[in-house]
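I have placed the structure first, in the form of structure tokens, so that the comments after it can refer back to it.
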Amino acid sequence: MRKSVEFAWVALALSGCFFGPTTNREYRYFVLDYTPGPAKARMSPNPWAATVMVRNFPIGEAYLRSEIVFRNSSQEIRYRGKDRWAVRPDHVVSDIVRKHVVESGLFHGVQSPYEENNPGYELKGRVIALEEYVEEPAHSAHLNLNLEFVRLSDNKVLWERGFDAFQPVSGDDRAVLVRALSDMLKSRVDTALGAIDSVMALEPKGT
């Protein structure tokens with residue numbers, strides 16, 4: 001009987017190691033999101049009489065995972081096993097930028113690459129990095145994004161820019177990180193739309 005009791009206590013102690021208070025926390029899921037607004041200081045009070053296509057943005061292969069990427073150096077990539085994207089980040093970035101262009105009111109029409117209309121312009125993008133950069137005790141949000149505005153009649157690049165920026169974040173909470181990445185994306189797209197608005201002011205009418 002005594003041996004049975006001792007065995008039961010050992011079993012309970014071992015089970016506590018795996019199912020007790022020290023158990024790893026559950027997965028947390030995050031999504032990039034922000035509220036886009038109308039473009040400021042417009043060159044024209046009305047939308048440009050043109051349609052722009054916002055193509056889906058590719059992303060580096062290292063980021064095509066559900067886990068959030070973090071790194072301590074440019075040579076090593078690591079993954080937050082319990083902190084994950086709810087939706088593939090390349091899909092979310094493409095969708096939110098497309099929504100941002102719509103809400104800006106810059107163009108008469110905004111379409112996705114799945115529509116069959118013939119747009120006059122295209123906004124292309126590529127996500128180079130979307131991650132957390134850790135240099136203890138400091139943590140930073142890192143967004144590296146290339147954007148390109150193209151006139152499709154002659155495939156001429158009218159404007160392009162690379163945005164590679166770090167923003168310090170407080171603490172070790174991925175919710176703060178994702179909020180910072182969202183704000184950084186919004187700021188860069190705002191900058192891009194301001195530049196594109198200036199480009200459109202120089203375009204021949206009816207293009």
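Under unit Cβ charges (Lys, Arg +1; Asp, Glu -1), what dipole magnitude, rounded to 20 debye, does the chain have relative to its Cα centre? Could the numbers behind the result be given before it?
On the way: 26 positive and 27 negative charges, 75 e Å.
Roughly 360 debye for the chain.
Sort 61-71, 164-174 by packing, meaning the average of other beta carbons within 10 Å per residue, with the highest value first.
Taking the mean over residues of other Cβ atoms within 10 Å, the ranking is 61-71, 164-174.
Looking at the chain only, what percent of DSSP beta bridges run antiparallel? Nearest 5 please.
Of all bridge pairs located within the chain, approximately 70 percent are antiparallel.
Using the number of other C-beta atoms within 10 angstrom as an exposure proxy, rank 30, 163 with the fewest first.
Lowest count first: 163, 30.
Compute the distance in nm between two label points, each set 7 Å from the Cα along the Cα-to-Cβ direction, one at residue 108 and one at residue 198.
Computed distance between label sites residue 108 and residue 198 equals 2.6 nm.
Can you tell me the orientation of helix 2-19 relative to the chain, as the angle in degrees between its alpha-carbon axis and the longest Cα principal axis, to the nearest 10?
That works out to roughly 10 degrees.
Remind me, relative contact order of the chain in percent, using alpha carbon pairs under 8 angstrom and six or more residues apart?
Result for the chain is 23 percent.
If each of residue 49 and residue 27 carries a label point 7 Å out from its Cα toward its Cβ, how far apart are those two points in nm?
The answer from the label model is 5.1 nm.
Count the lysine pairs in segment 28-201 whose Cα atoms lie under 22 Å apart, taking only pairs 8 or more positions apart in sequence or on different chains.
7
Mind checking the angle between helix 89-104 and the chain's longest principal axis? C-alpha axes, 0 to 90 degrees, to the nearest 10.
Rounded to the nearest ten degrees, it is 40.
Rank the residues 100, 108 as a footprinting-exposure proxy: fewest other Cβ atoms within 10 Å of their Cβ go first.
Sorted ascending by nearby Cβ count, the order is 108, 100.
If you rank 102, 157, 93 by fewest surrounding Cβ atoms within 10 Å, what's the result?
Ascending number of Cβ neighbours within 10 Å: 157, 102, 93.
Place the peptides 43-49, 199-205 in order of packing, highest mean first, counting for every residue the other Cβ atoms within 10 Å and averaging per peptide.
43-49, 199-205
So if we plug the beta-carbon distance of residue 118 and residue 170 into 1/(1 + (r/R0)^6) with R0 = 41 Å, what FRET efficiency do we get, rounded to 0.05?
Numbers: r = 48 Å, r/R0 = 1.17.
The formula returns an efficiency of 0.30 here.
To the nearest 10 degrees, how steep is helix 174-201 against the longest Cα principal axis of the chain, on a 0 to 90 scale?
Roughly 10 degrees, rounded to the nearest 10.
Ignoring everything except DSSP H segments at least 4 long, calculate the 222 nm mean residue ellipticity for the chain; use -39,500 (n - 2.57) per segment, divide by total residues, nearest 500. Please list the in-between numbers first.
Working: 3 runs with 62 residues, N = 207.
Calculated mean residue ellipticity at 222 nm is -10500 deg cm²/dmol.
FYI, it's all coordinate maths here, none of it is from the lab. Everything quoted here is computed from the prediction, not taken from an experiment. FYI the Cβ positions are ideal-geometry reconstructions off the backbone, even for glycines, and counts take in every protein chain you see.
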